[in-house]
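Quick notes on the structure that follows.
Just so it is clear, none of the values below were taken in a lab; they were calculated from the coordinates. Predicted model, so just to flag it, every value in this text is computed and none were measured. Cβ sites come from the backbone with ideal geometry, for glycine too, and all protein chains shown count toward neighbours.
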Amino acid sequence: MEEFYNYIKSLHLIFVVTWFAGLFYIPRLFIYYIEANDKAEPDRTILCDQLRLMTKRLWIIITWPSAVLATLFAIVLLIVRPFYLHQPWMHVKLLFVVGLIIYHIKTHFIFKQLQQGIVKYTSNYMRIYNEIATIMLFAVVFLVILKSAVSWVFGVVGLLGLAIFLMLGIKLYKRIRAKNPEA
């Protein structure tokens, strides 16, 4: 199995990329759906129907299979190289992966609600929610590349800085949209 390690790792990375692509785009579609839901008829029905279809295809055909395959290949990687499980950076990474899986499941619940026409969140909430996956990606990539949990304090400060930067960007975008709704 060791001779296939790089192939398995490549497949894992490919499915991580497609999983994140889905996790980045699905909240965007949620935002468009929420905003379309406030439009007058017939625009509301036309847009919401189209966005429900796009969301369903993205979620069922791309995001879920990618999440499952990325996870399966990760498990195989850990079986092939179990010593990684004894390294502190891997413990922290796995905590972020658990957080990402929780985020994925929460996103699934939002998906199911919107498929039923139930809107419980504002578009602004979804813009902020959308950044959770970004923060998770930064954390996991830095942990895997640096292989260091010792720099955790710097990592937390960096993630908080990133979160603040993203929130400021969202506020700025909200102001721009308030002045120019077509932006």
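Highest mean first, how do 30-42, 58-70 rank when packing is the count of other Cβ atoms within 10 Å averaged over residues?
58-70, 30-42
How far, in degrees from 0 to 90, does helix 43-57 lean away from the longest principal axis of the Cα atoms of the chain, to the nearest 10?
Taking the Cα atoms of the chain, the angle to 43-57 is about 10 degrees.
Using Stokes-Einstein with the Kirkwood hydrodynamic radius over Cα pairs, what translational diffusion coefficient do you get for segment 2-179 at 10 °C and a viscosity of 1.306 mPa s, in µm²/s rounded to a whole number?
Answer from the Stokes-Einstein relation: 89 µm²/s.
Cross-link list 93/120; 56/120; 56/179; 39/174: which exceed 25 angstrom alpha carbon to alpha carbon?
93/120; 56/179
Residue-wise, which Karplus ³J(HN,Hα) couplings in Hz belong to segment 25-31, taking 6.51 cos²θ - 1.76 cosθ + 1.60, θ = phi - 60°, and x for glycine or proline?
Working through the residues one at a time gives 8, 4, x, 4, 5, 4, 4 Hz.
Please list, or write none, the aspartates and glutamates whose alpha carbon is within less than 17 Å of the alpha carbon of residue 9, excluding same-chain residues fewer than 8 places away.
Result set, ordered by chain and number: empty.
Restricting attention to segment 82-150, which trypsin sites (Lys or Arg not before Pro) occupy a DSSP loop and are surrounded by at most 16 other Cβ atoms within 10 Å?
Filter output for segment 82-150: 120, 147.
How large is ³J(HN,Hα), in whole Hz, for each residue of segment 86-98 in order, when computed from phi with the Karplus curve 6.51 cos²θ - 1.76 cosθ + 1.60 and θ = phi - 60°, using x for Gly and Pro?
9, 9, x, 4, 5, 4, 5, 4, 5, 4, 5, 5, 4
About its Cα centre, how strong a charge dipole does the chain have in debye, to the nearest 20, once Lys and Arg get +1 and Asp and Glu get -1 at the Cβ?
So the magnitude is around 360 debye.
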